[in-house]
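Read the structure below first, then the notes.
The values are calculated or read from the model by the stated rules, or taken from the named source; none is laboratory data. Keep in mind that this is a model prediction, so the values were computed, not measured. All Cβ positions, even for glycine, are placed from backbone atoms using ideal geometry, and neighbour counts span all protein chains on display. What goes into the accessible areas is simple: the full protein's heavy atoms, side chains included, and nothing from ligands, DNA or RNA. Shrake-Rupley method; radii C 1.70, N 1.55, O 1.52, S 1.80 Å.
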Amino acid sequence: MSKGTAVCPGSFDPVTLGHLDLFRRAAAVFDRVVVLVMHNEEKPGFLDAETRVRLIRESLDGTENVSVRSASGLLAEAVRSLGADAVVKGVRNQADLEYEADMARINLSLGAPETLLLPADPALRHVSTSNGLQLFRLGADVSGFFPPAVLKELVSRGEPRA
Ligand code: PNS
């Protein structure tokens, strides 16, 4: 029996070790996983979509059933046009759960398939893009937050440090 296609949507600006763990775990459950880079209206953009996609691809070495692309507009429409069977998102804490539960309901009402929530690896619960970027800008070691491709990108951009 086919296990179908899952979409992992997010802003991934840039991708963290927590996101990569989620993609790999989704890829162990579904035949195919599509990582979908999208815009979050509530967050200021940092990297362009093309760079975010490239950094995810470079960080996914060896995960064969995962592909990466970007989309604009409504997530529900993008997921429907991909013919996906489920949306998969990670939850680190209570705040994530409340936010994702609302998003899941909204997306379902817009015609998306069900959203499945995977609990974050406890070792990665503190990992977020915003925490990682803040620490990097303050000069801290963020190798526990971001994969090597992202670390290289941040350094090459000469990101300001305090
Ligand atoms: O990684 P994030 O920032 O939590 O991802 C949020 C994202 C990009 C998945 C969400 O903002 C989104 O779905 N954006 C596309 C627009 C949309 O469909 N919004 C519907 C909910 S109001």
222 nm [θ] for the chain, helices only, -39500 (n - 2.57) per DSSP H run of 4+, per residue, to 500? -12000 deg cm²/dmol
Return one whole number: the accessible area per residue of region 5-156 in Å², for a 1.4 Å probe. 51
Between the alpha carbon centres of region 1-56 and region 92-128 the gap in Å comes to 13
Here the net charge surrounding residue 29, from other residues whose Cβ is less than 12 Å away from its Cβ (Lys, Arg +1; Asp, Glu -1), is +2
Which value, in Å³ per residue, describes the convex hull spanned by the Cα atoms of the chain? 114
HN-Hα J couplings of region 74-80 from phi, Karplus 6.51/-1.76/1.60, θ = phi - 60°, integer Hz, Gly and Pro as x? 7, 4, 4, 5, 4, 5, 5
Take the Cα coordinates of region 1-41, assign each an equal point scatterer, and use the Debye formula without solvent to give log10 I(q)/I(0) at q = 0.17, 0.34, 0.35 Å⁻¹. -0.46, -1.17, -1.20
Among 93, 40, 59, the residue whose Cα sits farthest towards the positive end of the charge dipole of region 5-156 (+1 at Cβ of Lys and Arg, -1 at Cβ of Asp and Glu, taken about the Cα centre) is 59
